[in-house]
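Notes for the one structure printed next.
The values are calculated or read from the model by the stated rules, or taken from the named source; none is laboratory data. Note that the structure is predicted; figures quoted are calculated from it, not measured. Neighbour counts are summed over all protein chains in view; Cβ atoms, including those assigned to glycine, are modelled from backbone coordinates with ideal geometry. When the accessible area is computed, the model is the full protein with side chains, heavy atoms only, and any ligands, DNA or RNA have been set aside. Shrake-Rupley method; radii C 1.70, N 1.55, O 1.52, S 1.80 Å.
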Amino acid sequence: MTSYNQIQSYIQQRQFQAAHHALVARINSNANDHHAYALLADLNIALGNLSKALKIYDKCLSLFPCALYSLSAAKLALFTQAPLVAKRYILHLLGNTQLSGSEHDTLANLLLRLNQYTDAGWHFNHAYTRSPHCPEIALNYAMHLKMSGELAQARTLLASLVQAKPSNAKCQLAYSELTPVELASTRITQLATEITVQTAPLALQRLYHAQAIEYEKQENYPKAWQSFIASKQAISTEVSYSSEQMTGYFQTLGKLLDKPINFAPEQTLAPIFVIGLPRSGTSLMEQILAQLSLQPLGETSVLPQALRFSCDYNSNIQHISHAYEEANAIEQYRLFTVQSVAGDQRFIDKQPFHFFFTDLLAKAFPRAKFVVMKRDRTDTCIANFRQLYQTNSPFHGYSYRMQDIQAMYDNTYAFLQDAAQRHPTQIKFVNYESLVEIPQAVMKEVCQFLELDWQDNALHFYKQGYYSATASKMQIRQPLNNSSVGKFRGKYAI
């Protein structure tokens, strides 16, 4: 009988027929061999048969219900853009103290992807408690501390991780985000050393970005900008983005403004969408609104996943057009929110890129309201260029060249202006600069638009210690201020 290790080797070496024959022989010999079924799932994943692999994991769980199979199935469900299915696989694992450190860590990361921040934090804590000497688990725990606002603890842990393994670019970047200006010179030297020996594009991207942050602390803006450019260039060959496709996608969105949906609107839900180009103040608006008896859901991904949104915007055109014809994507979003929201409480969905689906959402949810955050063009474009986004994100491909960022800004707000004319009772623009200068006046207008009662203590959002996985995780820990207005104008010429 072929051993499990040999079958794994067959799969890794892409000897799929040999692996399949060996697994069939094992299963014929023992119909309850859950190990063989798990390897059969791995084989089907390697072959690209993801739906079949998910069904095989169900068979594994029926034979041997364990955390490993549940977590593997949940990861696959998320990969196949089925968050509701993923939640079903991990629901029974929440709060389980019998998991290993690695299992706690995997579960925490899945929960983070599902915007279940409280549960994610609990499992990050338990992962680190069980396996404090595992570098990957320790790094994830440090990132959790940072997202929780425990900055001093995060800094101490990251310092030890960087010292133990200076080649870990992810640690280096996270550490630079927290180090004081006094360490900038030392950090720049350390990072330069690591850059000279590093070849992996993603690692170089992070190291150059960390170096740029350190130069900014010294107010050496010419060198900081050079490092930001180097960071973008290091990863540019890995990024799939076409400005022509993006222009075509916005043109399609404009045409769809005149197209009715071909299914019944959802009249019950009254979601509040906070949208706008990243770095425009969406996190700030979400945190203020969260004080007004609204449930924040964070940046949900269920709708773009249901629409199979990808880096191929020609494909996205087909999917968004089809979404006006049948209700599947909208129904998946409705089910997700019903399962995520307590009772009939109104909720905030702060996915900035829902601006791509604003018209569809407005037509599908007539009671929905959209708060569009708009910030100064130069400030927004610089902020996006100096932000490090996920390389494989279907949204952020525009952020690697300044001309693409500027085009995205112009196309986004031109489309949203047109959408606001079609849905004037559902869409309201909010100027970021006005919000930070005269917050009470602006928020009273926003609340009137949202049919909410304004409370002055909502401006004390920074005291609440909300979990934040966004790029604004540091800013929302501070009182409302205008320090970001024009912060880099004249320092970075664009």
query = Any idea how far apart A441 and K52 come out in nm if each label point goes 7 Å out from Cα toward Cβ?
reply = 6.5 nm
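Can you give the accessible area per residue of the chain, in Å², using a 1.4 Å probe?
With all protein chains present, the chain gives 44 Å² per residue.
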key: Calculated from backbone phi, Karplus (6.51, -1.76, 1.60) coupling profile of region 187-202 in Hz, x at Gly/Pro   = 5, 4, 5, 4, 5, 4, 4, 5, 4, 5, 9, 9, 10, 5, x, 5
key: FRET efficiency, 1/(1 + (r/R0)^6) with R0 25 Å, evaluated for T118 and R489 via beta carbons   = 0.05
request  = Could you grab the relative contact order for the chain? Cα pairs under 8 Å, six or more apart, rounded to a whole percent.
outcome  = 13 percent
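Once you have the Cα-Cα distance between E331 and K59, take 0.36 nm times their residue separation minus that, and quote the gain in nm to one decimal.
Numbers: separation 272, 0.36 × 272 = 97.92 nm, distance 2.78 nm.
Gain in length upon complete extension: 95.1 nm.
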note = Percent relative contact order for region 358-435, counting Cα pairs under 8 Å at least six residues apart, stands at 50 percent
task = Tally up the carbon and sulfur contribution to the accessible surface of the chain as a whole percent, 1.4 Å probe, everything protein left in place.
result = 49 percent
query = Over what distance in Å are the Cα centres of region 101-167 and region 255-332 separated?
reply = 30 Å
message = How large are Rg and Dmax for region 1-92 when calculated on the C-alpha trace, in angstrom?
response = 13.0, 39
request  = Step through the table entries K87/K463; K255/K350; K170/K223; K165/K491; K59/K350; K255/K487, compare each Cα-Cα distance with 28 Å, and write down the pairs that go over it.
outcome  = K87/K463; K165/K491; K59/K350; K255/K487
message = Between region 1-21 and region 341-406, what is the separation of their alpha carbon centroids in Å?
response = 45 Å
query = What value, in deg cm²/dmol to 500, does the helix sum -39500 (n - 2.57) over DSSP H runs of n ≥ 4 give at 222 nm once divided by the residues of the chain?
reply = -18000 deg cm²/dmol
ask   = For region 313-326, in order, what is each residue's ³J(HN,Hα) by Karplus, 6.51 cos²θ - 1.76 cosθ + 1.60 with θ = phi - 60°, in whole Hz (x at glycine and Pro)?
value = 6, 5, 5, 4, 4, 5, 5, 5, 5, 5, 5, 6, 8, 9
inquiry  = List the residues, sorted by chain then number, that are 5 or more residues from V274 or on another chain and whose placed amide H is less than 5 Å from its amide H.
reply    = D349, K350, Q351, V371
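Suppose R0 equals 22 Å. What FRET efficiency, 1/(1 + (r/R0)^6) with r the Cβ-Cβ distance, do E136 and R88 give to the nearest 0.05?
0.25
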task = Taking the Cα centre of the chain as origin, sum charge times position over the Cβ atoms of Lys and Arg (+1) and Asp and Glu (-1), and report the length of that vector in debye to the nearest 20.
result = 460 debye
task = Determine the dipole magnitude for region 173-313: charges of +1 sit on the beta-carbon of Lys and Arg, -1 on that of Asp and Glu, nothing else is charged, the reference point is the Cα centre, and the result goes in debye to the nearest 20.
result = 160 debye
note = The local net charge around L157, scoring Lys/Arg +1 and Asp/Glu -1 for residues other than L157 whose Cβ lies under 10 Å from its Cβ, equals +1
query = N125 to S160: FRET efficiency via 1/(1 + (r/R0)^6), r the Cβ-Cβ distance, R0 22 Å, to the nearest 0.05?
reply = 0.80
query = Rounded if a/c is under 1.5, else prolate if a/b is larger than b/c, else oblate: which is the chain, with a ≥ b ≥ c the root eigenvalues of its Cα gyration tensor?
reply = oblate
ask   = Can you list residues whose amide H is under 5 Å from L452's amide H, if they're 5+ apart or on another chain and H is modeled 1.01 Å from N?
value = none
